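The values are calculated or read from the model by the stated rules, or taken from the named source; none is laboratory data. All figures in this text were calculated on a predicted structure; none of them were measured in a lab. Note: ideal-geometry Cβ built from the backbone for every residue, glycine included; neighbour counts use all protein chains shown. Heads up: the accessible areas ignore ligands, DNA and RNA and are worked out on the full protein's heavy atoms, side chains in. Shrake-Rupley method; radii C 1.70, N 1.55, O 1.52, S 1.80 Å.
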Amino acid sequence: MLNLVIAEAPNTTLGNLIVVTGAFLILLLLLKKFAWKSVIEILKKREDKIANDLDSAEQSRIKAAQLAQERETQLQSSRSDAADIIKSAKENGELSRQNIIKDAKEEATRLKDRTKVEIKEERENALTSVKDDVADLSLQIAEKLLNKELSGDAHEELINQYIDRLGTTKHEA
């Protein structure tokens with residue numbers, strides 16, 4: 001009996017192997033016929049989605065880099081414009097300051113010249129007035145001298161009158 005068991009054991013194992021291999025092959029054929037196209041389509045869709053996502057991510061990265069470059073360019077342009085505005089304002093301020101100083105100097109020169117002219121005119125008027133007063137007094141003194149002979153007291157009285165008239169004439173003018 002021992003022979004029988006040994007002889008059956010290889011046949012059973014071989015039979016099992018044949019059955020399992022056949023079942024596996026049938027399963028593969030069934031999978032290929034009914035499920036393989038669906039699995040391939042799912043994998044293809046997934047592959048396409050991953051490729052699209054990678055392309056989209058690359059495009060987004062490129063667009064973000066372009067936007068960053070544009071912002072940097074605009075920032076540089078803004079800085080340049082601001083520097084130009086500040087430079088222009090400084091130049092205008094300096095020009096205005098120089099014009100104000102020049103106008104003030106010209107006005108001071110005009111006032112100085114006008115004041116000199118006025119002082120000269122006033123001086124000439126004063127000298128003319130004094131000359132007129134001296135001439136009048138000289139005439140009056142000569143007239144009085146000719147009309148009467150002066151004694152020491154009369155001479156002193158005449159001088160005092162002259163001084164009084166001179167003070168009065170200055171106050172009246």
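When you check residue 62 against the structure, is it more than 30 Å from residue 165 (Cβ to Cβ), open to solvent by less than 80 Å² (accessible area, probe 1.4 Å) and free of Cβ contacts under 8 Å to residues at least 12 places away in the same chain, yes or no? I'd like the intermediate steps shown before the answer.
Details: more than 30 Å from residue 165 (Cβ to Cβ): yes; open to solvent by less than 80 Å² (accessible area, probe 1.4 Å): yes; free of Cβ contacts under 8 Å to residues at least 12 places away in the same chain: yes.
Here the answer is yes, as residue 62 does meet what is asked.
Say whether the condition of being open to solvent by 100 Å² or more (accessible area, probe 1.4 Å) and at pLDDT 90 or above is met by at least one residue in the stretch 4-16.
Step one: filter the stretch 4-16 for residues open to solvent by 100 Å² or more (accessible area, probe 1.4 Å), giving 4, 6, 8, 11.
Then keep just the ones that are at pLDDT 90 or above; that gives none.
Checking the stretch 4-16: not a single residue is open to solvent by 100 Å² or more (accessible area, probe 1.4 Å) and at pLDDT 90 or above.
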* To do: From (1) modelled with pLDDT of 90 or more; (2) open to solvent by 90 Å² or more (accessible area, probe 1.4 Å), pick out the condition that doesn't hold for residue 83.
  => (2)
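This table checks each residue for (1) part of a helix (DSSP H, G or I); (2) at pLDDT 80 or above; (3) more than 19 Å from the chain's Cα centre (by Cα).
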site	(1), (2), (3)
92	yes, yes, no
103	yes, yes, yes
112	yes, yes, yes
126	yes, yes, yes
131	yes, no, yes
140	yes, no, yes
158	yes, no, yes
